[in-house]
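The values are calculated or read from the model by the stated rules, or taken from the named source; none is laboratory data. Quick caveat: nothing in here was measured; it's all calculated off a predicted structure. Quick reminder, even Gly has a Cβ in these numbers, built from the backbone with ideal geometry, and neighbours come from all protein chains shown. Accessible surface areas use protein heavy atoms only, side chains included; no ligands, DNA or RNA. Shrake-Rupley method; radii C 1.70, N 1.55, O 1.52, S 1.80 Å.
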Amino acid sequence: MKKLYTFLFALIALCSTASAQITGLNVGYCDGQLQTSTDQSFGTKEKNTWVSGAIYLPAGDVNTYAGNRIDSIRVGLAQKLGISEMKVWVRQTLDGENLAEGSLQKADLVKGWNNVKLDTPYEIPADNTNGLYIGYSTYQTSSNYGMSVLKTPTPNALWVQLGTEAEWTDRSSEGTLCLEAMVAGNQLPKLNLRLLSLTAPTDYVIMRGQLTVSGIVKNMALQTVTGFDVETRIDGVDEVYTSHVDLTLGYLEEDMFSYTIQPAIKQAGKGHVTVTITGLTEGADENMDDNTAERDFDIVAEDFTRRVLVEEFTTEQCPNCPRVGTYLHNILSEQKYSEGVVAVCHHSAYYTDWLTIPSDNSLTWYFNDGGATYAPAIMVDRWADEGSTTPVFNPSSESEFRNAIDYRMKQTAFVSLDVQAKLDTTNNVVNVLVQGSRSKEDFTVNPARITVWLIEDNIAAHSQAGANSWTHQHVNRAINNTWGDVIEWQGNDYVYECQFKMRADYKLENLSVAAMVFDYDSEDATKNEVMNANQAPVTEGEIVTGISNVERQASADEVYDLQGRRLSRAQHGLNIIRTADGKLRKVMMK
């Protein structure tokens, strides 16, 4: 999406009452910011050559300023050594003739912003169809890396020519050039909103029937705007959904908006949404070219209840670990989190203790691929912020911990887990059955895996550093496989079974089984997102199907899905059939 920023550069008093009129705007993409550190990828060691940079203003943006003029261009330099001259220019094509130009000599150049006046102002014509390139060229007598570039990718914001004979290259995907055209005149735009960004869900769930869209909008013109309409169009749906947003934005102010619609989407598949800012409360927008954005999304029939997986790295040698352990205890004391969170503690990352098992140490791989480790530390759904190298962090406060959980609770779950754990007293083992379904086939990048833990609570500490007395909770006692087992799908359903030995020191009333389904990438610790989790207490008895608590109708065969929901007939995938004599059998429908 196009993004173009404008900035005030002149205020002229009109009368003794101190009223003022804006007579000039800085037009560019860098938001007035300057990069003062050099980057050798945007320079050359070559001597006695011209190095150039430019931004492109599309025709729609240029026409917004028709009837005004470009007086000067300001250029950011991260370094001036080796530069003998700077020329600024306005062109219709990168290699075309200069429509306007100006220059500075070596003595007048500075590190930072250089304001270069055009020899003759460029009068911006109406009905521009080609757009304009605004740029500069520096002549260097020795190697120079002075081009100032922000590390923010922005379309049309970074064209470079690194040498007189070099080709022009669009490197807008790498950053934003620190350059602005200074536009002045009496016909500056009064109403112009720009849609800077758009956020739409990657998935739409038909059974929920709601689509929430949010974005960031900025006032690029002189008049304050108090509200606007947003039109939403969805491919394959005839209706256009119009929503009004009340939002006050002064000149150059930006803010977030959000709204929810209930689109008439009936069929699973691929979707495409287009959002356009239309009527402003104060009148028509003078440049509609920057008011639209679009996104693709997936359409699925249903989703499942999400439970968030919290994993804590802790040991008895860690004096600060009781702090985060207390955060977790407080959070889980609230019903919302006790029902929506599964907790597992790994005794590793700051030495080890008597509760450490091998998988605890193996999982320290999530600390920057097994780099420096520490405790206390947590992972929330093994999810990592964009740009992070690890899903592990140390929460500085209980609210930070809670906010991370809240974020994950809002994410859609496309897989279910029904967990059962039964102690077989004859063989002294805990039998585990995890079964469920998926509502989206490609809900993971790599084949989905399942991990199952045997968890024990209420274990008295031997000697917890940082606490006079301490009781361990959510301790990982055993695991099916450190990196999980690949799920074998039967259509869109799965059944997974495993077994844990019941040790003499385990207390049945403190035991539970936790399970998660996740995406596993052995090469990248940030791509192991947990898609859903669940937990169940260990009790004595035998494993039963998910329909054990459904009222029985003995007069005829009954059909259920894996979650115990009664079906009118067998469906695609795995079905549970209860016959009139009470016997159960599994039937796979192709």
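Once you order the gyration tensor axes a ≥ b ≥ c over the Cα atoms, which shape class does segment 337-385 get: rounded for a/c under 1.5, otherwise prolate or oblate by comparing a/b with b/c? Note, shape of segment 337-385 comes out oblate.
Rounded to 0.05, the FRET efficiency of the Ala465 and Ile206 pair, given R0 = 60 Å and the Cβ-Cβ distance, is 0.70. Using the alpha-carbon positions of segment 396-450, Rg (one decimal) and Dmax (whole number) come out as 17.0, 47 Å. What the Cα convex hull of segment 66-204 gives, in volume per residue, is 155 Å³. Per residue, the chain exposes 45 Å² of accessible surface when a 1.4 Å probe is rolled over the protein heavy atoms with every protein chain present. Remark: the Asn48-Asp524 segment gains 166.9 nm on full extension, using 0.36 nm per residue and subtracting the alpha carbon distance.
Grab the other residues whose beta carbon is less than 12 angstrom from that of Leu34, score K and R as +1, D and E as -1, and report the net. With Lys, Arg at +1 and Asp, Glu at -1, the neighbours total 0. Does segment 404-558 come out rounded, prolate or oblate, given a ≥ b ≥ c as the square roots of the eigenvalues of its C-alpha gyration tensor, rounded meaning a/c under 1.5 and, failing that, prolate meaning a/b above b/c? Note, shape of segment 404-558 comes out oblate. Helix-only arithmetic for the chain: the sum of -39500 (n - 2.57) across DSSP H runs with n ≥ 4, divided by the residue total, places the mean residue ellipticity at 222 nm at -2000 deg cm²/dmol. Name the shape class, rounded, prolate or oblate, that the alpha-carbon gyration tensor gives for segment 323-465, where a ≥ b ≥ c are the square roots of its eigenvalues, rounded holds for a/c under 1.5, and otherwise prolate holds if a/b is larger than b/c and oblate otherwise. Taking the square roots of the gyration eigenvalues as a ≥ b ≥ c, segment 323-465 is rounded.
Computed from these coordinates, which is log10 I(q)/I(0) by the Debye sum over Cα atoms at q = 0.07 Å⁻¹: (i) -0.63; (ii) -0.38; (iii) -0.53? The listed entry that was calculated here is (i).
Tell me the GluC sites (Glu not before Pro) within segment 296-399 that lie in a loop according to DSSP and have at most 16 other beta-carbon atoms within 10 Å. Within segment 296-399, the qualifying GluC sites (Glu not before Pro) (loop, at most 16 other Cβ atoms within 10 Å) are Glu302, Glu334, Glu386.
Note: relative contact order over the chain, using C-alpha pairs below 8 Å and six or more positions apart, is 10 percent. The share of alpha-carbon pairs in segment 230-357 lying farther apart than 18 Å comes to 71%. Other residues within the sphere of radius under 10 Å centred on the Cβ of Val434, judged by their own Cβ, net out at -2 (K and R +1, D and E -1).
Between the alpha-carbon centres of segment 28-72 and segment 180-252 there is a gap of 27 Å. Modelled label positions at Lys80 and Thr224, each set 7 Å beyond Cα in the direction of Cβ, lie 4.0 nm from each other. A DSSP coil position with no more than 13 other Cβ atoms inside 10 Å describes the following trypsin sites (Lys or Arg not before Pro) in segment 211-281: Lys266.
Using Cα atoms only, what is the angle between the long axis of helix 398-409 and the major principal axis of the chain, expressed in degrees (0 to 90) to the nearest 10? Taking Cα atoms only, the helix is inclined about 80 degrees. On the accessible surface of the chain, probed at 1.4 Å, how many percent belong to carbon and sulfur atoms? Carbon and sulfur together cover 45 percent of it.
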